[in-house]
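A quick write-up on the structure given underneath.
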Amino acid sequence: MASRNPLDELPAEAKARLRKLPQPTWVAPMLATLTDERFSREGWLFEPKWDGERCLAFRDGRNLQLFSRNRKRLNDKYPEITAAFHRQKTDAFIADGEIVTFKNGVSSFAKLQQRMQVEHPSADLLRKVPVWLYLFDLLYLGQHDTRQIPLRYRKEVLRKTFEFGDSLRFTEHRETEGEAYYREACRRRWEGVIAKNGDSVYVSRRTRDWLKFKCSQEQEFVIAWAFTIAESWYMRARSGRGMTLARCSAWAGSLRNWKHRPPHSLATGCRDAACIG
């Protein structure tokens, strides 16, 4: 932490919501709600949806504990993250984030599973599956509970509290342009985007102040598969086998509309006896 306390830099209305309390030994995480909404909204923050393992970090002096969302201890599974926190000057905090690893530039839960069940990983595994903790919230600092401060200020304090680098990273966000960020996330084959109300307080439950805009890679796969099948049927129709050429062309053309329908709609269409021919 910088020599100046980041809490001192809060505006008066935010500072008034600080609570001087003993540091909790556990805080259940705030959880996002999955939604079909996609929006750009003033006052909201939009973060990457990491495909990893939730991690809450508790430090009180020399005592450091990393916990999963279900309060399972993670210290021995991720020693590089434990070491990164011990190098920090700040020694009284509760921070929230996600442990991730990357494959081809995209966070990969499948790759992270190689680490998730391993206590005291070998040097070889640490090298093959490096991990990072991307922090996105700060629940407690010094002697103060920060959960009642609006999220936008909690993130400002978080950014100033730690020296980020190596295994410890800050989760950047965009403001307002949620739809554009969601489209970008899906193009990059990310898990999606988390939309967060910038005025929200931190609560230990699922809430609609945090919303998940999830990219549907499954649906993209089914659509691509359906176009391939349609092309095959078209070739069969041209050779006089299967459905008529006109019917095949009509069904294939309807895929343009099905791109915005759920995968089961495609599956239903593909089970049509007339499509099998």
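Laboratory data are not the source of any read-out in this text; all were calculated from the coordinates shown. Every value quoted in this text rests on a predicted model; they were computed, and no experiment measured them. Because the Cβ atoms are built from the backbone with ideal geometry, glycine has one as well, and the counts that use them run over all protein chains shown.
Couple of notes before you dig in:
- The order of the peptides 60-68, 7-15 by mean Cβ neighbours within 10 Å, most packed first, is 60-68, 7-15.
- Per-pair calculated FRET efficiency, R0 = 30 Å: residue 89 and residue 206 via Cβ, rounded to 0.05: 0.30
- Under 5 Å, built H, 5+ apart or other chain: amide partners of residue 139: 94, 95, 96
- 3J(HN,Hα) along the stretch 133-148: 9, 8, 7, 9, 7, 10, 9, 7, 8, x, 10, 10, 7, 9, 5, 8 Hz, from the Karplus curve 6.51 cos²θ - 1.76 cosθ + 1.60 with θ = phi - 60°, whole Hz, x for Gly and Pro.
- Bridgeable aspartates and glutamates around residue 214 (alpha carbons under 14 Å apart, same-chain partners fewer than 8 residues away excluded): 36, 37, 47, 51, 179, 184, 191.
- Rough spin-label spacing in nm, given labels placed 7 Å along Cα→Cβ, for residue 122 and residue 39: 5.2
- Note on the stretch 83-134 and the stretch 1-65: Cα centroid distance 19 Å, given to the nearest whole angstrom.
- DSSP-defined antiparallel bridges as percent of all bridges, the stretch 91-169, nearest 5: 85
- Residue-wise HN-Hα couplings along the stretch 51-66, as the Karplus relation 6.51 cos²θ - 1.76 cosθ + 1.60 with θ = phi - 60° gives them from phi, are 9, x, 10, 5, 9, 10, 9, 10, 10, 9, x, 7, 7, 10, 10, 9 Hz; Gly and Pro carry x.
- Sum of side-chain charges, residue 97 neighbourhood, beta-carbon under 12 Å (Lys, Arg +1; Asp, Glu -1): -1
- Take the Cα of residue 148, go 7 Å toward its beta carbon, and none of the backbone nitrogen atoms of the stretch 43-81 fall under 18 Å from that spot.
- Here the gap between residue 68 and residue 8, fully extended at 0.36 nm per residue and compared with their Cα-Cα distance, gives a gain of 18.5 nm.
- Listed by chain and number, the lysines placed with their C-alpha closer than 21 angstrom to that of residue 72 are 111; residues fewer than eight positions away on the same chain are left out.
- Given charges at beta-carbon only (K, R positive; D, E negative), |dipole| of the stretch 58-129 in Debye: 120
- The dipole here belongs to the stretch 15-139: it is taken about the Cα centre, uses +1 on the Cβ of Lys and Arg and -1 on the Cβ of Asp and Glu, and is about 320 debye.
- Residues of type lysines that residue 20 reaches as a straight line, Cα spacing below 24 Å, ignoring anything fewer than 8 places off in the same chain: 89, 155, 160
- A simple rule links phi to the HN-Hα coupling: the Karplus curve 6.51 cos²θ - 1.76 cosθ + 1.60 with θ = phi - 60°, which for the stretch 194-206 gives 9, 9, 10, 5, x, 9, 6, 8, 8, 10, 8, 6, 6 Hz, with x for Gly and Pro.
- Shape call, the stretch 77-131: gyration tensor on alpha carbons, a/c limit 1.5: prolate
- Least to most buried among 116, 30 (fewest other Cβ within 10 Å first): 116, 30
- Net charge of Cβ neighbours under 11 Å - reference residue 111; Lys, Arg +1; Asp, Glu -1: +2
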